[in-house]
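Colleague: The structure's right below; bear with me while I get my questions together.
The values are calculated or read from the model by the stated rules, or taken from the named source; none is laboratory data. Everything numeric here is computed off the predicted structure, so don't read it as measured data. With ideal geometry, Cβ positions are generated from the backbone for all residues, glycine too; neighbour counts draw on all protein chains shown.
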Amino acid sequence: MKGLKELLSKEQIRLEQIIDKTKARLSEAPEGTLRLSKSHGYPQYYQCTDEKKAGSYIAKENTELVRKLAQKSYDEKILRQAEKRLSQIKKLTKDYEDDELENIYFREHEERQRLIQPVEPTWEQKLRDWKSKEYKGKDFQDGVAVILTEIHGPKGVGALYCRNGIRIE
């Protein structure tokens, strides 16, 4: 597919930027994870660490810590997925070329190429077919004013004509 390698390279750059951004945010994230529970219909937040598996209650006033722990959890998921995708893209682009199937045909001897029917037409064959077809312009819709021009004299000075052949001054 033409342009796939370029698209994959752009995606690789995008993923690398995402990874850098999430790693930077994670380096500043607070310790532990966020646990949520409900009590009497209201959410309660706990900061869980290795020492306190059940977690320490986070007071309602400390919404910034709750937000940072939630962001940390999200960033960790993003980082895992972005690193997985980046690894896949690197493996794919390592030996991928846009024209690799077409190049198999071109690596054949010239005489052999004349005997082969390629799986897909080559760029040159598509171009040759396109050039061999006669151009047919788009027809005008009925009831739409059409202005046709006829060029006379030096520097393209011409007259304008409607579809019915009446000259427009």
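Colleague: Among the residues of segment 29-38 satisfying the criterion of being among the small types (Gly, Ala, Ser) and either touching a residue at least 24 places away in the same chain (Cβ under 8 Å) or assigned to a loop (DSSP other than H, G, I, E, B) (or both), which is farthest from Ala82 (Cα to Cα)?
Modeller: Gly32
Colleague: Considering segment 53-109 alone, what residues qualify as being modelled with pLDDT of 95 or more, under 19 Å from Glu31 (Cα atoms) and of a type in the set (Ser, Thr, Tyr)?
Modeller: Selection gives Ser73, Tyr74.
Colleague: In segment 45-58, what residues are in contact (Cβ under 8 Å) with a residue 12 or more places away in the chain, in contact with a Phe, Trp or Tyr (Cβ under 7 Å, 6 or more places away or on another chain) and not hydrophobic (A, V, I, L, M, F, W, C)?
Modeller: Tyr46, Gly55, Tyr57 - these are the residues of segment 45-58 that are in contact (Cβ under 8 Å) with a residue 12 or more places away in the chain, in contact with a Phe, Trp or Tyr (Cβ under 7 Å, 6 or more places away or on another chain) and not hydrophobic (A, V, I, L, M, F, W, C).
Colleague: Another question about this same structure. Taking interchain pairs and intrachain pairs at least six residues apart, which have beta carbon atoms under 6 angstrom, with the first residue in segment 70-89 and in contact (Cβ under 8 Å) with a residue 40 or more places away in the chain and the second assigned to a helix (DSSP H, G or I) and among the hydrophobic types (A, V, I, L, M, F, W, C)?
Modeller: Asp75/Leu26; Ala82/Leu15; Ala82/Ile18; Ala82/Ile19; Arg85/Leu15; Leu86/Leu15; Ile89/Leu8
Colleague: Yes or no: Leu26 modelled with pLDDT of 95 or more and within 13 Å of Leu86 (Cβ to Cβ)?
Modeller: Numbers: modelled with pLDDT of 95 or more: yes; within 13 Å of Leu86 (Cβ to Cβ): no.
Answer is no for this residue.
Colleague: Okay, moving on. Quick one: would you say Tyr45 is in contact with a strand residue (DSSP E or B) (Cβ under 9 Å, 6 or more places away or on another chain), surrounded by 10 or more Cβ atoms within 10 Å (Cβ to Cβ) and modelled with pLDDT of 90 or more?
Modeller: It is true that Tyr45 is in contact with a strand residue (DSSP E or B) (Cβ under 9 Å, 6 or more places away or on another chain), surrounded by 10 or more Cβ atoms within 10 Å (Cβ to Cβ) and modelled with pLDDT of 90 or more.
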